[in-house]
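This report concerns only the one structure given below.
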Amino acid sequence: MSQTELDVLREKVDELNLKILSLINERTAVAREIGKVKEKQGVNRFDPVRERDMLNLLKEHNDGPLEQPRVEHLFKEIFKSALDVQEKEQRKALLVSRKKKAEDTVVEVNGERIGDGKPTFIFGPCAVESYDQVEIVAKAIKEKGQKLIRGGAYKPRTSPYDFQGLGLEGLKILKKAAEEQGLAVVTEIVTPGHLEEALDYLDVIQVGARNMQNFELLKAVGSTNKPVLLKRGMAATIDEFINAAEYIIANGNDQIILCERGIRTYEKATRNTLDISAVPILKQETHLPVFVDVTHSTGRRDLLLPTAKAAIAIGADGVMAEVHPDPAVALSDAQQQMDLGQFDEFYDSLMKFMKQYEMNR
Ligand code: PEP
Ligand code: MN
């Protein structure tokens with residue numbers, strides 16, 4: 001075959017490619033319209049019976065040289081691509097999405113503007129154990145000029161025989177100690193039943209990893225006017241995490257802070273695997289502030305500082321870490337909470353890092 005013959009054939013192939021491309025896009029546009037109609041009717045997008053009919057029609061008209069299985073395979077890919085486009089569009093239309101709202105949501109708590117560009121911090125013990133314990137930590141937080149304190153009063157523990165938290169009594173302790181130091185309270189609520197009595201004692205409702213898909217709880221916190229810190233479930237995909245936040249906003253509450261806290265993988269070196277890339281993905285996909293919990297993700301004191309630096313460097317709006325006056329005797333998470341000296345060091349190093357980082361940016 002001479003060079004010119006080859007050129008002619010290649011030109012034909014190029015032309016056909018463009019035609020196919022244009023047809024596929026035209027088909028996708030029609031499929032998108034079908035998707036809209038189905039959405040209005042509340043009908044499922046994927047219809048296997050219709051898909052089978054389309055494939056049968058193609059088979060009937062296939063004169064080759066492509067073999068039937070190949071034709072079926074190619075067209076199934078085209079069908080699937082059209083469905084993906086529709087799903088993506090639906091995702092972009094979520095209330096938490098950037099598509100719906102381009103500007104960053106800023107959650108204001110106790111004078112802190114979470115999500116407004118400058119990292120914020122949530123420190124405090126894993127669980128509220130006593131007034132004295134919380135007071136010591138609250139004072140250390142205040143000394144650093146920080147405005148928020150965390151602490152669990154309802155603790156979702158793996159074993160029913162482990163410390164379950166002080167409940168309402170714990171909330172009262174936390175609020176008293178926080179108020180005395182001018183701090184706002186971030187605390188976990190595990191069931192809608194506790195919500196009403198707890199609202200007077202907290203400023204930010206935490207929904208824990210184990211409850212990320214407790215849809216009744218999500219609806220209940222969505223109906224309050226308190227900010228919600230929503231943690232990623234330990235086996236949740238980013239998509240599931242975003243949809244959990246959507247439950248809250250769909251019920252009227254847009255004051256949501258997302259919190260990456262590590263996911264379960266086969267890796268045993270850390271308690272969970274911190275999915276650091278979830279931070280920029282969540283920032284791109286949603287308009288909500290994104291926190292990183294360095295304590296529960298790593299489960300290791302020696303990794304708190306490097307992961308906190310990584311969180312800030314990658315664009316997190318804040319960091320959560322646990323602090324206890326005497327971690328060795330803590331009633332939960334004894335291995336990973338910082339004592340007060342470690343807290344000082346952690347905080348100073350992080351502030352230094354942030355200053356350097358700002359300078360070099
Ligand atoms: C917590 O922050 O107290 C906690 C239990 O974390 P998680 O829900 O992420 O496990
Ligand atoms: Mn903990």
Requested in this report: Name the lysines eligible as straight-distance cross-link partners of residue 38: C-alpha to C-alpha under 28 Å, and not fewer than 8 places from it in the same chain.
Outcome: 59, 76, 80, 88, 92, 99, 100, 101, 219
Report task. Measure nothing fancy, just the Cα-based angle from helix 238-250's long axis to the longest principal axis of the chain, in degrees from 0 to 90, nearest 10. Result -> 70
Query raised in the report: Where a Cα-Cα gap under 16 Å defines reach, which aspartates and glutamates qualify for residue 355, not counting those fewer than 8 residues away within the same chain?
Result: 317, 345
Report summary line: If each part is reduced to its alpha-carbon centroid, the range 54-74 and the range 233-303 end up apart, in Å, by 44
Report summary line: Residue span residue 5 to residue 40: 0.36 nm per residue of separation minus Cα-Cα distance leaves a gain in nm of 7.3 nm
Report task. Treat the count of other C-beta atoms within 10 Å as a stand-in for reagent exposure and order 297, 130 from fewest to most. Result -> 130, 297
**Report entry** Vicinal HN-Hα couplings computed from phi for the range 313-325 (Karplus, 6.51 cos²θ - 1.76 cosθ + 1.60; Hz; Gly/Pro x)
**Finding:** 5, 8, x, 5, 8, x, 10, 10, 8, 9, 9, 9, x
Requested in this report: At a Cα cut-off below 16 Å, give the lysines reachable from residue 172, other chains included and same-chain residues fewer than 8 away excluded.
Outcome: 155
Report summary line: Of the residues 94, 299, 195, the Cα lying farthest along the dipole of the chain towards its positive end, which is defined by charges on the beta carbon of Lys, Arg, Asp and Glu, belongs to 94
**Report entry** Two-site label geometry, residue 50 and residue 300: point separation in nm, points 7 Å out along Cα→Cβ
**Finding:** 5.1
Report summary line: In degrees, nearest 10, the alpha-carbon axis of helix 340-360 is tilted away from the dominant principal axis of the alpha carbons of the chain by 50
Report task. Please determine, in degrees from 0 to 90 and to the nearest 10, the orientation of helix 3-41 with respect to the longest principal axis defined by the Cα atoms of the chain, where the helix direction is its Cα long axis. Result -> 60
Report task. Would you kindly derive the ³J(HN,Hα) couplings of the range 295-308 from the backbone phi angles with the Karplus curve 6.51 cos²θ - 1.76 cosθ + 1.60 (θ = phi - 60°), listing them in order in whole Hz, with x for Gly and Pro? Result -> 6, 6, 6, 8, x, 9, 4, 5, 9, 5, 5, x, 6, 5
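Assuming R0 = 22 Å, can you tell me the calculated FRET efficiency for the pair residue 351 and residue 326, based on Cβ-Cβ distance, to the nearest 0.05?
Step by step, r from the Cβ atoms, then E = 0.35.
Please order 287, 324, 194 by the number of other Cβ within 10 Å, starting at the fewest. Numbers along the way, then the final one.
Details: 287 21, 324 29, 194 18.
So the ranking, lowest neighbour count to highest, is 194, 287, 324.
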Query raised in the report: So how much slack lies between residue 58 and residue 335, counting 0.36 nm per residue of separation and subtracting their Cα-Cα distance, in nm?
Result: 93.5 nm
Requested in this report: Calculate, for residue 71 and residue 240, the FRET efficiency according to 1/(1 + (r/R0)^6) with r their C-beta to C-beta distance and R0 45 Å; round to the nearest 0.05.
Outcome: 0.80
Query raised in the report: Under a plain spin-label model, where a point goes 7 Å from the Cα along Cα-to-Cβ, how far apart in nm are residue 277 and residue 13?
Result: 3.3
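Bear in mind these aren't lab numbers, they're just calculated from the coordinates by the rules spelled out. Note that the structure is predicted; figures quoted are calculated from it, not measured. Glycine gets a Cβ as well: all are built from the backbone with ideal geometry, and neighbour counts include every protein chain shown.
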